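A short worksheet on the structure shown next.
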Ligand code: SAH
């Protein structure tokens, strides 16, 4: 059967892709349908039909799935952000556990029964909205010529005006409204990607949930400037209005004149208040349903530094990292891709010595400052790429570790890092991953001969989206005495 564009069909959604699209088959021919949920009976309009599969647009839900709920945000279908908002939270959690497990089976070659033994239940979030401490809003020009702030429509750079995202903090709306009215009153133009003209590109808002401190950074297509110069016309008026918002601790500008998708420019100028905000992350008791322990670490975070976006779940993730690392006080630990030193400093009080490496210089400045302000003396930080610094410190300075923690970006660990870990042979590896596909690829390499998965757990750091964090404890096979699990491809010597 050949399907035609615009043809209307009725399908039952029987599965979902890792990106959250529904899959429905018509006479064995699969269609991928954005916004359709497993269990839906739907009318779809064919948008593309290839030889073996096609795409459809959800026209009408004929019979809703038992997992379908009313989405909180009226923009959820247009926006690329919340792919799962119309699905019950319980079903989202199952979707994420399945996603991690399937990637480990498909890409990593691990056996399903083995994973059932080592995977602990996903760590869920009690209130899964308004959890993001950071928002990056693109600024553009609406049809009426007025400046707008919003989000990119899925798979495009068309901005849809909405200052009230249901994942962000409530202050975002107030801050954006101030900036937009300032732009209108002062005839300040929004950046236009097509022409490269216009001044204001993006607005970054970040809030410390514990401290209540907020930073605002305007990304500008402006000339490099000097300290204390004005980057915006009528800057004093804008600063005056923004500084009155409850919690505002610092206002900065980032200069970005490049025609790229990279949002933040490297040149940052503080135009009011503090350079960075503070936030505290508390250690939680993983054995007692993540109950608070009262012990915490306070971090400084500057605009260019990475900081986990969901602070409520981050406390649980880092507490799991601390528990998985099983540190007794004698261990040397490497923290690769350490950001502002969050995991390093979480582990420092229990370890003999911590070494951290991170590629963004401002993040390492923050990490050093964070060690000082928390009175931690056994942590040393290096700026550079993990794939250069880590092998070099091992080969030239003989720095070895008992425990290696890795928390790489989505592309996963560099091959050189994995090879150095295998040579160094630490007793334990704690792998924190925001992409289970690259995690599976890397685990396949680490578990080929030397390591085995001892424990693992998905953590829902990004409710309403298809993204999921995973934490894995790997132990060195010859350095471990406990019982071996049997799996097909790995641990064949069990
Ligand atoms: N562990 C930190 C940061 C994790 S995010 C935390 O939980 O906050 C990943 C970090 O890796 C980012 O800070 C990013 O800047 C850094 N990074 C990306 N590529 C890198 C590389 N090749 N070498 C070292 N760090 C890198």
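The values are calculated or read from the model by the stated rules, or taken from the named source; none is laboratory data. Quantities reported herein were computed from a predicted structural model and do not represent experimental measurements. Ideal geometry is used to build each Cβ from the backbone, glycine not excepted, and the neighbour counts take in all protein chains shown.
Here residue 388 meets the list (1) out of contact with any strand residue (DSSP E or B) (no Cβ under 6 Å at 6 or more places or on another chain); (2) at pLDDT 95 or above; (3) within 9 Å of the ligand (Cβ to nearest atom); (4) in a loop (DSSP other than H, G, I, E, B) almost entirely, failing just condition (4).
If you go through region 389-409 and keep only what is surrounded by fewer than 22 Cβ atoms within 10 Å (Cβ to Cβ) and touching a helix residue (DSSP H, G or I) at 6+ places or on another chain (Cβ under 8 Å), you end up with 391, 394, 399, 400, 408. Residues of region 300-314 that are within 9 Å of the ligand (Cβ to nearest atom), in a loop (DSSP other than H, G, I, E, B) and out of contact with any helix residue (DSSP H, G or I) (no Cβ under 7 Å at 6 or more places or on another chain): 307 alone. Take region 76-94 and flag every residue that is at pLDDT 95 or above and more than 21 Å from residue 470 (Cβ to Cβ). If the condition is that a residue be at pLDDT 95 or above and more than 21 Å from residue 470 (Cβ to Cβ), then 85, 86, 88 are the ones that fit.
Taken together, 418, 443, 422 contain a single residue that is assigned by TED's automatic domain parsing to the domain that holds residue 339, within 16 Å of the ligand (Cβ to nearest atom) and part of a helix (DSSP H, G or I), which is 418. Of 317, 322, all but one fail to be outside any loop (DSSP other than H, G, I, E, B) and within 15 Å of the chain's Cα centre (by Cα); the exception is 317. Take region 347-385 and flag every residue that is part of a helix (DSSP H, G or I), more than 9 Å from the ligand (Cβ to nearest atom) and in contact (Cβ under 8 Å) with a residue 40 or more places away in the chain. Matches in region 347-385: 347, 362, 365, 366, 369, 370, 373. Can you find a residue in region 428-435 that is in a loop (DSSP other than H, G, I, E, B), touching a strand residue (DSSP E or B) at 6+ places or on another chain (Cβ under 9 Å) and modelled with pLDDT under 95? Checked against the condition, which is being in a loop (DSSP other than H, G, I, E, B), touching a strand residue (DSSP E or B) at 6+ places or on another chain (Cβ under 9 Å) and modelled with pLDDT under 95, region 428-435 yields no hits at all.
Just one of the listed residues (420, 416, 342) is surrounded by fewer than 18 Cβ atoms within 10 Å (Cβ to Cβ) and touching a helix residue (DSSP H, G or I) at 6+ places or on another chain (Cβ under 9 Å), and it is 416.
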